[in-house]
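Visitor: Can you keep this structure in mind? I'll have questions shortly.
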Amino acid sequence: MLTVKILGPGCANCRKLEAVARDAAASAGVEAEFVKVSDMKAIMAYDLMSTPGLVINDTLVSSGRIPTQAEIRQWMAE
Amino acid sequence: MNSVLQLLNGGAGNLAAYLAAHVLLCLVPAFFIAGAMASLIPKASITRWLGRTAPLHVSYPAAAAAGSLLAVCSCTIVPLFAGIYRKGSGLGPAITFLFFAPAGNIMALAYTGSLLGAEFAFARFILCLLFGIGIGMLMSLLFWSDDARHDAQTDTLFADEARIAPAAVGVLLSLVAVLIAGTLKLWPLTVTIGAIDLPLSWAQSWQDTLFRWVPFDETKGEEGVSLQGSLLIAFLVAIGVTAYKGMENIVEGSNRWTWTALTLAALTLLVAAMRFTPYPGGLEIGFTGRVFAVGFALWAVWHYARRLAAEDCRSWLWEAWRFVKQIFPLLVIGVFVVGIARELIQPQWVQALAGRNDLLANGVAVFFGVFMYFPTLVEVPVARMFLDLGMHPGPLLAYLMSDPELSLQSILMVAAVIGRRKALAYVGLVAVFSVVAGYLYGFWVDRAGIGNLGLGLLVFVAVLAFAMRWLNQRRRNGIQAA
């Protein structure tokens with residue numbers, strides 16, 4: 001069971017990232033819990049300079065862009 | 001009933017005239033540039049200068065550069081602002097970044113330039129830059145004890161170094177060339193080099209129909225829709241449809257629609273650069289110098305874009321499309337509403353309140369700017385409307401400086417990151433400085449004493465810089481003594 005956090009105030013990119021991440025989890029058959037983090041203080045706890053940020057099991061794996069499904073699947077496998 | 005129809009007609013007419021005339025040559029390249037900045041400029045190439053140990057003369061200009069190059073939308077503005085404040089070079093540069101971002105980014109500049117004139121864009125850029133640095137330094141002076149108490153966290157966030165890839169620089173520069181070639185009203189761009197005649201008998205009657213549909217009053221600064229304009233609106237709709245099919249999932253790869261949309265966008269820019277003259281019985285199409293300049297710049301974009309990594313290219317297109325989706329609909333609604341408002345607002349009101357350049361007029365303009373909230377970039381057509389209705393350029397600039405900087409949304413955001421007391425001080429400073437900036441600009445427009453003004457501003461920033469250095473030195477000595 002993975003915990004996937006989407007960091008972002010709710011802009012277009014954050015929604016897109018969530019959709020891509022959900023698709024990636026579904027296609028890899030990984031069970032994951034999705035958490036949206038929109039509070040700025042909570043977001044700033046991670047070292048990122050641009051949202052959206054993707055956090056898998058409390059590790060920031062990407063920020064400021066939308067990764068492809070393949071990339072996300074690989075991070076989920078690690 | 002009749003008057004409601006007239007209002008709606010005003011809104012639709014404004015929108016049609018606007019889409020036909022201004023949007024294409026300026027906004028289409030601007031969206032692509034904004035996308036390229038967001039995806040092709042690695043943040044670390046600028047943020048490496050914003051670390052805790054960076055000296056003043058490095059961190060403030062770097063903060064301004066970050067504001068104009070990295071911060072094209074709030075996704076970057078807020079985290080970067082909080083990052084610079086908490087983990088980087090501190091309050092002052094963070095404020096400079098925040099202040100400069102809405103006025104110094106490419107979209108705002110290009111748009112201001114095409115709608116209000118290059119002089120306005122230039123004044124907005126310079127005054128925002130100087131006052132952004134000034135306000136940053138003042139804030140840092142006011143709250144210098146807070147900055148001194150800054151905990152000694154490691155600033156790993158700002159330790160990364162990166163360079164912009166040469167191909168990305170090529171893409172960015174050639175996109176800027178497209179923008180300049182498309183909008184500048186200068187010889188040799190405006191000269192008609194060759195022309196062809198098409199025997200289209202409907203051209204003249206179509207033009208007459210358009211003018212009947214969208215009646216306009218030149219004295220009020222309104223514009224009609226030309227035949228070329230109607231063609232461009234059709235192009236815009238086609239781009240919208242194909243882009244939706246081609247860009248929505250661009251991250252996973254491109255498809256036929258992607259290429260159709262890109263080709264259409266390039267064609268649109270070329271058509272917009274031509275000169276269409278309908279006459280009874282036919283249509284003359286003039287090829288201006290602009291057509292060749294835009295064509296060459298587009299070729300350069302293509303040439304460099306091919307050398308980008310496929311992944312970079314995709315994220316560039318995605319970011320550009322995202323900006324279109326985020327900004328364009330609001331802009332369309334905004335322009336429509338501005339068209340309605342223009343029918344309602346009497347020029348006498350505007351002239352009575354802000355027709356002169358004095359403190360009251362500038363104050364009113366700033367007050368309006370703080371309490372009205374317009375979505376990104378809509379402040380520019382609003383400003384255009386006020387200019388047409390007789391507002392003096394001075395107060396207009398004051399409004400343009402305060403409106404995007406101080407909306408309720410941005411004030412709340414700032415307060416959440418730096419606390420209420422500092423946010424209040426920031427709001428006060430921005431209001432005061434906007435009034436001063438408007439007054440100075442209006443003074444310059446009226447009397448042309450640019451040398452003295454520029455000198456005065458430079459002295460002001462220099463005095464602040466010295467005060468800061470002195471304080472920093474005292475702080476350092478204090479730490480050493482302790």
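Visitor: Going by the structure shown, is residue B:94 over 20 Å from residue A:40 (Cα atoms), of a type in the set (A, V, I, L, M) and surrounded by 21 or more Cβ atoms within 10 Å (Cβ to Cβ)?
Guide: no
Visitor: I'd like the full set of residues that are β-branched (Val, Ile, Thr) and surrounded by fewer than 23 Cβ atoms within 10 Å (Cβ to Cβ), limited to region B:413-439.
Guide: B:417, B:427, B:432, B:436
Visitor: Follow-up question, since we're still on this one. Could you please let me know if residue A:68 is among the hydroxyl-bearing types (Ser, Thr, Tyr), modelled with pLDDT under 90, surrounded by 15 or more Cβ atoms within 10 Å (Cβ to Cβ) and in contact with a Leu (Cβ under 8 Å, 6 or more places away or on another chain)?
Guide: No; evaluated as a whole, the condition is false for this residue.
Visitor: While we're on this one: Filter region A:31-43 for residues that are assigned to a helix (DSSP H, G or I) and surrounded by fewer than 16 Cβ atoms within 10 Å (Cβ to Cβ) and give the result.
Guide: A:41, A:42
Visitor: Exactly one of (1) of a type in the set (Lys, Arg); (2) within 22 Å of residue B:97 (Cβ to Cβ); (3) away from every other protein chain (no Cβ under 14 Å) is unmet by residue A:36. Its number?
Guide: (2)
Visitor: Somewhere in region B:261-278, is a residue of a type in the set (Phe, Trp, Tyr) and in a strand (DSSP E or B)?
Guide: yes
Visitor: Can you tell me which residues in region B:281-338 are assigned to a helix (DSSP H, G or I), away from chain A (no Cβ under 14 Å), among the aliphatic types (A, V, I, L, M) and over 28 Å from residue B:385 (Cα atoms)?
Guide: B:291, B:293, B:294, B:297, B:298, B:300, B:301, B:305, listed by residue number.
Visitor: So, in region B:40-63, of the ones that are at pLDDT 85 or above and in contact with a Ser or Thr (Cβ under 6 Å, 6 or more places away or on another chain), which residue ends up nearest to the other protein chains (Cβ to nearest Cβ)?
Guide: B:63
Visitor: Only one of these is in the same structural domain as residue B:99 (by TED's automatic domain parsing), outside any helix (DSSP H, G or I) and not aromatic (Phe, Trp, Tyr): B:390, B:394, B:438. Name it.
Guide: Checking each option against the conditions leaves just B:390.
Visitor: Next question, about the same structure. Right, residue A:25: out of contact with any Cys (no Cβ under 7 Å at 6 or more places or on another chain), under 21 Å from residue B:410 (Cα atoms), away from chain B (no Cβ under 11 Å) and not in a strand (DSSP E or B) or not?
Guide: no
Visitor: Of the numbered conditions (1) over 15 Å from the mean Cα position of the chain (by Cα); (2) in contact (Cβ under 8 Å) with a residue 24 or more places away in the chain, residue B:113 fails exactly one; give the number of that condition.
Guide: Unmet condition: (1).
Visitor: Tally time: how many residues in region A:44-60 are more than 9 Å from chain B (Cβ to nearest Cβ), part of a strand (DSSP E or B) and either within 24 Å of residue B:321 (Cβ to Cβ) or among the polar types (S, T, N, Q) (or both)?
Guide: Selection size over region A:44-60: 2.
Visitor: Is it fair to say residue A:70 is more than 22 Å from residue B:159 (Cα to Cα) and more than 10 Å from chain B (Cβ to nearest Cβ)?
Guide: Judged against the criteria, residue A:70 is not a match.
Visitor: Among the residues of region B:237-251, write down those that are surrounded by fewer than 18 Cβ atoms within 10 Å (Cβ to Cβ) and either touching a residue at least 24 places away in the same chain (Cβ under 8 Å) or in a strand (DSSP E or B) (or both).
Guide: Kept after step one, since they are surrounded by fewer than 18 Cβ atoms within 10 Å (Cβ to Cβ), are these residues of region B:237-251: B:237-238, B:240-241, B:244-245, B:248-249.
Answer for region B:237-251, where residues must be surrounded by fewer than 18 Cβ atoms within 10 Å (Cβ to Cβ) and either touching a residue at least 24 places away in the same chain (Cβ under 8 Å) or in a strand (DSSP E or B) (or both): B:238, B:248.
Visitor: Among (1) more than 17 Å from residue B:30 (Cβ to Cβ); (2) part of a helix (DSSP H, G or I); (3) in contact (Cβ under 8 Å) with a residue 40 or more places away in the chain, which single condition is residue B:357 missing?
Guide: That leaves (2) as the condition not met.
The values are calculated or read from the model by the stated rules, or taken from the named source; none is laboratory data. Just so it is clear, the model here is predicted, and its values are computed rather than measured. So basically every Cβ, Gly included, is an ideal-geometry build from the backbone, and we count neighbours across all protein chains shown.
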